[in-house]
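The values are calculated or read from the model by the stated rules, or taken from the named source; none is laboratory data. What you see is a predicted model; the values in this text were computed from it and never measured. Every residue, glycine as well, gets a Cβ built from its backbone with ideal geometry; the counts of neighbours run over all protein chains shown. Please note that ligands, DNA and RNA were not included when accessible areas were found on the heavy atoms of the full protein model with its side chains. Shrake-Rupley method; radii C 1.70, N 1.55, O 1.52, S 1.80 Å.
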Amino acid sequence: MTFPVNFHIAGFTINSHLVFEILSYSIGFRYYLWLRRHTHDPISNSDRLWIFIGAAAGGLIGSRVVGILENPNIFIQASGNWMVYLQSKTIVGGLLGGLIGVELTKKQLGVTTSSGDLMVYPIILGMILGRIGCFLAGTTDGTHGSPCSLPWCMNLGDGIPRHPAALYEIMFLSVVGTCIFLLEQQYVLTNGSRFKILLASYLLFRFFIEFIKPVYRFNFGLSTIQLACIGGLIYYYKVFLYPASLLLARKEIIPDKEQ
């Protein structure tokens, strides 16, 4: 496989990263709509719409802000080049910005129940599809890992064996999604626990994986994304200190009746 990987159709070259980014949004949203039709949602249609708008707006702003601050040197050198600002984005900023947007919107609407549980599996699916695009892009989108000599390291397009960071994230998200699903088979989770588990675990994962990425770090050794992760982890500290609070009750297993 030669990176970056693109699709060649009818004489046209189509950017695979863009294709999978579009798929992540479209398929993830369709999955969310399907889940909502087949799941009891205590939030009304109008409130859910406003919450979704709040999440999208917050995610857009958060993704760009953290993305711009991810490399201050590029931000300074951009000198008013708005294309640089618009192209800078990151998932961590999108998730945290979306969380802030949702909480502000819910406060205005007076909604107290969790709105994130219904979006957990669509978010996981969308992120996995997006990271497939990042992997196929090689080193062109800035999500690749640092050089390494481990057996599974890969030449992602620049001739240097690197950590396939996008594949690490795909595997991590698959494991988290599976663990949440299996946990729900055994326990009744408290309101909002599904989303808390996803976001808290993802922020912890991103904090550590940033150490094997060639990213800009401040003099104290941490990157902008790691600082954002720390902020989110502080917000969700109860997930780690009181994990039992996420479980409401153990589901009773009813044995099959004898025929």
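Taking the range 111-129 as the search range and keeping residues that are of a type in the set (Gly, Ala, Ser) and modelled with pLDDT under 95, which one is nearest to the chain's Cα centre (by Cα)? Filtering first and then ranking leaves Gly116.
Kindly evaluate Leu173 against the criterion of being surrounded by 13 or more Cβ atoms within 10 Å (Cβ to Cβ) and under 24 Å from Gly62 (Cα atoms). So Leu173 fits the description; yes.
Of all residue pairs spaced 6 or more apart or on separate chains, those with beta-carbon atoms under 8 Å, a first member in the range 23-49 that is in contact (Cβ under 8 Å) with a residue 60 or more places away in the chain and a second member that is exposed (fewer than 13 other Cβ atoms within 10 Å of the Cβ) are Pro42/Thr113; Ile43/Thr113.
Can you name every residue in the range 5-22 that is open to solvent by 60 Å² or more (accessible area, probe 1.4 Å) and not in a strand (DSSP E or B)?
Looking only at the range 5-22, we keep the residues that are open to solvent by 60 Å² or more (accessible area, probe 1.4 Å), and these are 7-15, 18, 22.
Scanning the range 5-22 gives Ala10, Gly11, Leu18, Ile22.
Looking at the range 75-84, can you tell me whether even one residue there is open to solvent by less than 40 Å² (accessible area, probe 1.4 Å) and at pLDDT 85 or above? There is no residue in the range 75-84 that is open to solvent by less than 40 Å² (accessible area, probe 1.4 Å) and at pLDDT 85 or above.
This table checks each residue for (1) buried (at least 18 other Cβ atoms within 10 Å of the Cβ); (2) without any contact (Cβ under 8 Å) to a residue 24 or more places away in the chain.
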| position | (1), (2) |
| --- | --- |
| Val111 | yes, no |
| Gly116 | yes, no |
| Gly130 | yes, no |
| Phe135 | yes, no |
| Cys148 | no, no |
| Pro151 | no, yes |
| Asn155 | no, no |
| Ile160 | no, yes |
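For the range 64-74, state whether one or more residues are of a type in the set (S, T, N, Q), open to solvent by less than 70 Å² (accessible area, probe 1.4 Å) and without any contact (Cβ under 8 Å) to a residue 24 or more places away in the chain. No: zero hits.
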